[in-house]
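Enquirer: Would you mind keeping the following structure in view while I ask a few things?
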Amino acid sequence: MKFGVVQFPGSNCDFDTYHALRRVMKRPTVMLWHKDHDLQGVDCVVLPGGFSYGDYLRSGAIARFSPLMQQVKAFARGGGRVLGICNGFQILLELGLLPGAMIRNKNLKFLCQHVHVRVEDARTDFTRAAKKGQVLRIPIAHFDGNYYAPARTLAEIERNGQVVFRYCDADGRITAEANVNGSLGNIAGIRNKEGNVLGLMPHPERASEALLGSEDGRTIFESLLLSLERRKTAPRPAARKKARHD
Amino acid sequence: MIDQALLAQHNITEDEYRLIVELIGKEPNLTELGIFSVMWSEHCGYKSSRVHLKKLPTEGKRVVQGPGENAGILDIGDGQVVVFKIESHNHPSYIEPYQGAATGVGGILRDIFTMGARPIAVLDSLRFGPPDDPKNRSVMEGVVSGIAGYGNSIGVPTVGGEIYFDPCYNLNPLVNVFCLGLADKDKIFYAKAEGVGNKVLYVGAKTGRDGIHGATMASAEFGKETEHKRPNVQVGDPFKEKLLLEACLEVMDRALIVGIQDMGAAGLTCSTTEMAAKSGMGIVVDLDKVPQREIGMTPYEILLSESQERMLLVATPENVAAVQAVFAKWDLDAPVIGEVVEGGRARISFKGEVVVDIPVDAVVNLCPAYNRPSVTPAPPPPAPALEDLPHPADPGEVLLKLLASPTIADKEWVFRQYDHMVQVNTMFLPGADAAVLRIKGSRKALAMTLDGNALYTRLDPRTGARIAVAEACRNLACVGARPIGVTNCLNFGNPEKPEVMGQFEQAVAGLSEACRTFGIPVTGGNVSFYNDTEGLSIHPTPVLGIVGIIEDVRKAVRPGFRAAGDAVVLVGESLGEIGGTEYLKTIHGLEAGAPPAIDLEQEKRNQEFVLDAIEAGLVRSAHDLSEGGLAVALAECAFHSGRMTGCEIELAGGLRDDGLLFGESQSRLLVTCRRADLARLLEMAAARGVPAGVIGRAGGTDIAVRRAGRDILRVPVERAFRAWKDSLPGYFRVKA
């Protein structure tokens, strides 16, 4: 299984994502330059975090016009797996591959901290290594992560079961206090109706090594491997040593 | 045409003017005068500090580059080097907090990547007036958002730092930014303009009218009217800098250039003349080729603009096209604006006319150095004897007040606004004794810390400076890192005042002594004078940035009790010293007394003992004692446990309770170990002449201290935690 990490000029988690996929997960991974027109035959496209074009305008608003985004759109419409992390999630919203929008965090400050998210659906290609209701500890780092959608859209994505991750407390309770950025419905990550495109605000690549405080983010990458490589032997996260929380 | 008023505007004395005329053999024109004005400013020319800075130790086996370049460089083995430096952006941050702080980050990042290193960490040392004043809060909010706005966008983590509050910073906050980069030893670049006929390329943002005379502004006192200086502050564009960073690293990685210099203070003037002077060459520049943001700029404005995100490169004619292709990939201009020539002169033309023709050596190297008159600082007002102070009825209440005092209180409100994890190297979250970053592909980790207690330096500059070095090294020891090098930012008042110069001399002497004891070279830094507003000087504030190395990343140690039952060991001696303490200041309202004494040799022994014990695997957690003394340190160990693990401590000795709990005697560290390792740990200490004794155990839900079987302090960890955690956000809560 080959991953492709898209590099926009202002991406800054591109190398982190590459590191997690190539060095930690040990999978073939290529960098995809935003001005190119070729996805180099990858099986999964990852839009990494960062400030794609400085994001002085709405986050991700300019990135969607990058030449490579035409290929990414076609790839997604053809069923290809696309994962958007943080700024990548914002870009997927701007591209129209996912519904809704991001507004400023409710406290109007950039927030960088570990959060807990609950896996709402463990049947997706991005979560099948997890259990439904499992709590993952993964960091966020964003200014515009306050998920918003009109009432009708929100009702629809809830009805379709498109919400994959919600902010929760350490015990998995969906509380107002755990909803650090003010997202509607504590939404931290959603998928498209078909289930091949996922966007999430937390950074799984920052939670892939015990040395850095949590390995919970690996679950998402392992799920992708399970889905695409159809391996049955990948370790279940529950069986792995619990991440160090001290 | 050059009269006294014009000289005064340019901060040039009549003597200096006469020297300029003599050196360049003619009366300078206005543009040339402007060039001398910035290059001979205190900020660029270090004219009041140079004679004293020579006293600092600068040599060591790891030193690849000492002071004099954009940043210092140390060898960390395996073919890698670290490139690091600290810079102040104090004046701009008061006038325009957001942009002042943001461009402070931008500037120090360029200093690092201009040498071929990828910046991997930023730390900042901030000083504000107390947060109960809305003006101070607004400055602080602006500064913090500015640092966040720039650093987060460009993708360099802000991994630590420190913040102190004192009324002396009401009108003069301090913003000192430290950056460290990592490079391969064989790919370091310098500010060289070698090779006659080589081309000079201008890369990055276009030149505008912003920031003209920023360096001159930073070299004078402020009066009441600072609002009109806002145009002197530059405006940052972190996205542009990100493009510049990637493009510059790419041309350096492919060895397409000869030399490179960033356009920081004094912009195009500084970069052209410095590069030529360093290589003993001359340089010709055509200002019409300089990309400009606005029309009608004069040569004076183009040369003195401090527009951000710009660099000057020198490349051989054959490589120009390849360099330009890289910059085009990153959507940046890279025009050729000049050429390296023989003769040591800078010859700059504008619309076909030569507007500047001066010897570069005079501009760069012949700035006069002053040994300004100084007086030895008066001894501090004596602190009252402990017996004369009212004994606090409940030391528990004192602890809660200290934990809530802004200087000691939790700083998460600040650091969670910074992306401190990008680049996936950050092992410890901000708030630990030192920032710790793993080095990918190796077993090593780097640790770094910033330190400087200005109350100590105000009371006794020499002792305060020694303590600053000692404490920074102690912070490193707590995580298991051995110090390898120092950069410093010396923030002082007006050097033309003999008392300020006296403080400066004493502080430099203290730094020098401490660095020599620890065997760590000073590889560069920054001096910020004229931190005076309306005639009031700040406390002398030397800030030390010290870098350390952990050979085996698995041995890095965190603060915070690890497990109930672990033995708590106090290393070092408690003498109950209360002069200059946070206790005296916050509880008794006194900034008085001599700061705690420090024996540097003993300090070093204590630290080396802890380091060796960590390496031997005997230490479960370590934390240093600083502001607030033993009681605050115990509370912090409980907070960092992650489980609200408390402690049961039993103290002995003849000191009064408050002196024992809140005194700030130096060279002390708290370590915890398994019961089974205790005997070995204490034997090891005894064998090295290090005072160490077990004072209790971790466990329970209280921070409890007893003497002779009687509680002298007992506070639930949860309650102490809330006092510490809720204090700073409380000042910024939006009132409904």
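The values are calculated or read from the model by the stated rules, or taken from the named source; none is laboratory data. A quick note: this is a predicted structure, and the numbers were derived from the prediction, not measured. Positions of Cβ are generated from backbone atoms using ideal geometry, with glycine treated the same way; all protein chains shown enter the neighbour counts.
Enquirer: Tell me, please, whether a residue that is closer than 21 Å to A:GLY79 by Cβ, among the small types (Gly, Ala, Ser) and either more than 14 Å from chain B (Cβ to nearest Cβ) or surrounded by 15 or more Cβ atoms within 10 Å (Cβ to Cβ) (or both) can be found in region A:168-187.
Expert: The answer is no; no qualifying residue exists.
Yes/no matrix, rows are residues, columns are (1) at pLDDT 95 or above; (2) touching a strand residue (DSSP E or B) at 6+ places or on another chain (Cβ under 7 Å); (3) on the phi < 0 side of the Ramachandran plot:
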position	(1), (2), (3)
A:ALA176	yes, no, yes
A:ASN181	yes, yes, yes
A:LEU184	yes, yes, yes
A:ASP216	yes, yes, yes
A:THR219	yes, yes, yes
A:GLU222	yes, no, yes
A:GLU229	no, no, yes
A:ALA234	no, no, yes
A:ARG244	no, no, yes
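Enquirer: Which one of B:VAL320, B:VAL235, B:VAL251, B:VAL326 is in a helix (DSSP H, G or I), within 14 Å of another protein chain (Cβ to nearest Cβ) and among the β-branched types (Val, Ile, Thr)?
Expert: B:VAL326
Enquirer: So A:CYS86 passes all but one of these: (1) on the phi < 0 side of the Ramachandran plot; (2) within 15 Å of the chain's Cα centre (by Cα). Which condition number does it fail?
Expert: (1)
Enquirer: Do we find a residue being buried (at least 16 other Cβ atoms within 10 Å of the Cβ), more than 11 Å from chain B (Cβ to nearest Cβ), modelled with pLDDT of 95 or more and within 15 Å of A:LEU95 (Cβ to Cβ) anywhere in region A:54-62?
Expert: no
Enquirer: Let me ask something else. Quick one: is A:LEU47 buried (at least 24 other Cβ atoms within 10 Å of the Cβ), within 26 Å of B:LEU245 (Cβ to Cβ) and more than 9 Å from chain B (Cβ to nearest Cβ)?
Expert: Yes: the conditions hold for A:LEU47.
Enquirer: Could you please give the count of residues in region A:121-142 that are surrounded by fewer than 24 Cβ atoms within 10 Å (Cβ to Cβ) and either at positive phi or not aliphatic (A, V, I, L, M) (or both)?
Expert: Matching residues across region A:121-142 total 10.
Enquirer: The conditions are (1) at pLDDT below 95; (2) not in a loop (DSSP other than H, G, I, E, B), and B:LEU634 fails exactly one of them. Which is it?
Expert: The failed condition is (1).
Enquirer: I would also like to ask the following. Can you confirm whether B:PRO406 is closer than 25 Å to B:ARG127 by Cβ and either away from chain A (no Cβ under 14 Å) or among the aromatic types (Phe, Trp, Tyr) (or both)?
Expert: When the stated conditions are applied, B:PRO406 passes them.
Enquirer: I'd like the full set of residues that are among the basic types (Lys, Arg), within 14 Å of chain B (Cβ to nearest Cβ) and either more than 21 Å from A:LEU200 (Cα to Cα) or under 16 Å from the mean Cα position of the chain (by Cα) (or both), limited to region A:14-44.
Expert: Correct list: A:ARG23, A:LYS35.
Enquirer: If you don't mind, another one. Do any helices (runs of 4 or more DSSP H) entirely within region B:368-459 hold 2 or more residues that are free of Cβ contacts under 8 Å to residues at least 40 places away in the same chain and closer than 30 Å to B:GLU577 by Cβ, and if so, which?
Expert: In region B:368-459, no matching helices (runs of 4 or more DSSP H) lie anywhere.
Enquirer: What number goes with the only condition from (1) at pLDDT 95 or above; (2) surrounded by fewer than 19 Cβ atoms within 10 Å (Cβ to Cβ) that A:LEU68 does not pass?
Expert: Looking at each condition in turn, A:LEU68 falls short on (2).
Enquirer: Can you find even one residue in region B:334-342 that is over 27 Å from B:GLY106 (Cα atoms), surrounded by 15 or more Cβ atoms within 10 Å (Cβ to Cβ) and touching an Asp or Glu at 6+ places or on another chain (Cβ under 8 Å)?
Expert: yes
Enquirer: Do the conditions hold for A:LEU92, that is, is it buried (at least 17 other Cβ atoms within 10 Å of the Cβ) and either among the basic types (Lys, Arg) or in a helix (DSSP H, G or I) (or both)?
Expert: yes
Enquirer: Taking region B:557-594 only, how many residues are part of a helix (DSSP H, G or I) and of a type in the set (A, V, I, L, M, F, W, C)?
Expert: 2
Enquirer: Have a look at B:SER37, B:SER93 and point out the one that is assigned to a helix (DSSP H, G or I), more than 25 Å from the chain's Cα centre (by Cα), buried (at least 24 other Cβ atoms within 10 Å of the Cβ) and among the hydroxyl-bearing types (Ser, Thr, Tyr).
Expert: One residue alone meets the criteria, B:SER37.
Enquirer: Follow-up question, since we're still on this one. Being modelled with pLDDT under 95 and in a loop (DSSP other than H, G, I, E, B) is true for just one of B:GLU294, B:GLU301. Which residue is that?
Expert: It is B:GLU294.
Enquirer: Kindly check whether there is at least one residue in region B:439-453 that is more than 14 Å from chain A (Cβ to nearest Cβ) and more than 30 Å from A:ARG206 (Cα to Cα).
Expert: yes
Enquirer: While we're here: Condition first: under 20 Å from B:MET115 (Cβ atoms), modelled with pLDDT of 95 or more, touching a strand residue (DSSP E or B) at 6+ places or on another chain (Cβ under 6 Å) and buried (at least 19 other Cβ atoms within 10 Å of the Cβ). Can you find one or more residues in region B:190-197 that meet it?
Expert: Within region B:190-197, none of the residues are under 20 Å from B:MET115 (Cβ atoms), modelled with pLDDT of 95 or more, touching a strand residue (DSSP E or B) at 6+ places or on another chain (Cβ under 6 Å) and buried (at least 19 other Cβ atoms within 10 Å of the Cβ).
Enquirer: When you go through B:GLY689, B:GLY730, B:GLY700 one by one, which is the residue that is outside any strand (DSSP E or B) and over 28 Å from B:ALA404 (Cα atoms)?
Expert: Going through B:GLY689, B:GLY730, B:GLY700 in turn, the sole match is B:GLY689.
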